[in-house]
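Input: a single structure, listed below in structure tokens.
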Amino acid sequence: MKSKTKANDVWSQYERLLDLEAEAIMNLSEEELDEEIRGSGLDPQQFGQRATRVFAEALGESAHHALAESRQTYQKEVTSLKRDRLSLPTSMKDKLQLLKACLAHHHYLKPAVLTGQYRKLSDMTPADIDSLLRQLYVLGLLKFKKP
Amino acid sequence: MVATQDEIRRAIEALSLEERKSLMWLARQLVARIGVLAGGREDEDFVHEAIEATLAGSRPWNKKYSMRDHLRWVIRSEVSNHAQHHNSQRYQEPILVSSLNSKDEEDIDNEVRAKTADDFRSALPNPEEELELKRREIALDKIKCHMAALLGQHSMGEKVFQLQIEGLSGPEICQRLKITKPQYAVYNMQIVRATSKIRKRNLEGLL
């Protein structure tokens, strides 16, 4: 029991010592740090390049994770949109007419749909029009009295 | 005071080359100190892990502190956690033949069996753990001697150092030694300087 307590003391005291060492390392000046790195047989410049690479990789990987996550969310949303049964007009002309009628009814949607990318509805690709109509359907915005 | 992911990213990107270098150097030195408990992991693994954990929010960054200080604490903590985990995982008691047989016996005659010593994990440390313990014990003794020489035998600085490594916090040390906070800060600075001196001299490869 006594030796167990002693062992715990040694482990925790050594941990405190590492805290002190960490503090000492972080207090090193630029020159002192380079001197230490050089003293261990490494080139400070190369060590700096390695540090830069490690940081860049960690930041890059995290960005990849974020992108993959947002892709996954997007795919989920697309799948849920496709799951809703919707009978859209078959011809592009009819689809555009439906969209125009919808936008005429819900004026406030115009700035959200007609952006810098699509100044006119006719600029939109068939896939984008389908997607937009589906989204409007899910939001319940396709239910209106046609003029 | 907890930052958004965007703020964290920008703060990490804003770290200077010197700051990145010192964080990598810190990880490198700590990995060397935990010896075999690093289990083959390198400095860059811990730096990588610290950045990822901060960005993912599992190690939240309090904007009250600089990103450099935050990453320093995370690296320090990751290294320590890894050493502890590795220490508890690396040694498994061999399965004894007697304990394998006892299971068969139980199945055959379905008797209630009294537990034997084989059923309990040994309370004694494993040989590797003991070796590591010894290494740390020797290192601690030597560092304490060098600290006493640098700070002055029985000086207030040495007393503060002793209490620090015993795990007392700053306010607790002030109370115990009846010193003020500014006085404590001075002694703490002396201790950090002494640690740097010992590191610089690389006394017997201790620190």
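Output the residues belonging to the range A:20-35 that are facing chain B (nearest Cβ under 7 Å) and not hydrophobic (A, V, I, L, M, F, W, C). I'd like the intermediate steps shown before the answer.
Taking the range A:20-35 and keeping what is facing chain B (nearest Cβ under 7 Å), we get A:20-28, A:30, A:33.
Correct list: A:Glu21, A:Glu23, A:Asn27, A:Glu30.
I'd like to know if the range A:8-17 contains one or more residues that are part of a helix (DSSP H, G or I), among the polar types (S, T, N, Q), under 37 Å from the mean Cα position of the chain (by Cα) and at the interface with chain B (Cβ under 8 Å from one of its Cβ atoms). So that I can check it myself, show each step before the final result.
Taking the range A:8-17 and keeping what is part of a helix (DSSP H, G or I), we get A:8-17.
Then keep just the ones that are among the polar types (S, T, N, Q); that gives A:8, A:12-13.
From what's left, under 37 Å from the mean Cα position of the chain (by Cα): none.
No; the residues of the range A:8-17 include none that is part of a helix (DSSP H, G or I), among the polar types (S, T, N, Q), under 37 Å from the mean Cα position of the chain (by Cα) and at the interface with chain B (Cβ under 8 Å from one of its Cβ atoms).
Starting from the range B:180-193, keep only residues that are away from chain A (no Cβ under 13 Å), then list their pairs with residues that are surrounded by fewer than 14 Cβ atoms within 10 Å (Cβ to Cβ) and of a type outside the set (Val, Ile, Thr) whose Cβ atoms are within a distance under 9 Å, requiring at least 6 positions of separation or different chains.
Close Cβ pairs satisfying both conditions: B:Lys181/B:Pro171; B:Tyr184/B:Pro171.
Where in the range A:44-131 are there helices (runs of 4 or more DSSP H), lying fully within it, with 3 or more residues that are within 14 Å of chain B (Cβ to nearest Cβ)?
Working: elements: A:44-83, A:92-105, A:110-113.
Once the helices (runs of 4 or more DSSP H) in the range A:44-131 are filtered for at least 3 residues that are within 14 Å of chain B (Cβ to nearest Cβ), what remains is A:44-83.
Kindly list, by first and then second residue, each pair from a residue in the range A:83-107 that is basic (Lys, Arg) to a residue that is surrounded by 10 or more Cβ atoms within 10 Å (Cβ to Cβ), limited to pairs with Cβ atoms under 7 Å and residues at least 6 apart or on different chains.
Cβ pairs passing all conditions: A:Lys95/A:Leu88; A:Lys95/A:Pro89; A:Lys95/A:Ile129; A:Lys95/A:Leu133; A:Lys100/A:Leu121.
Here, each number is a calculation from the coordinates, and none is a lab measurement. Keep in mind that this is a model prediction, so the values were computed, not measured. When we count neighbours, we look across all protein chains shown, and the Cβ atoms used for this are built from the backbone with ideal geometry, even at glycine.
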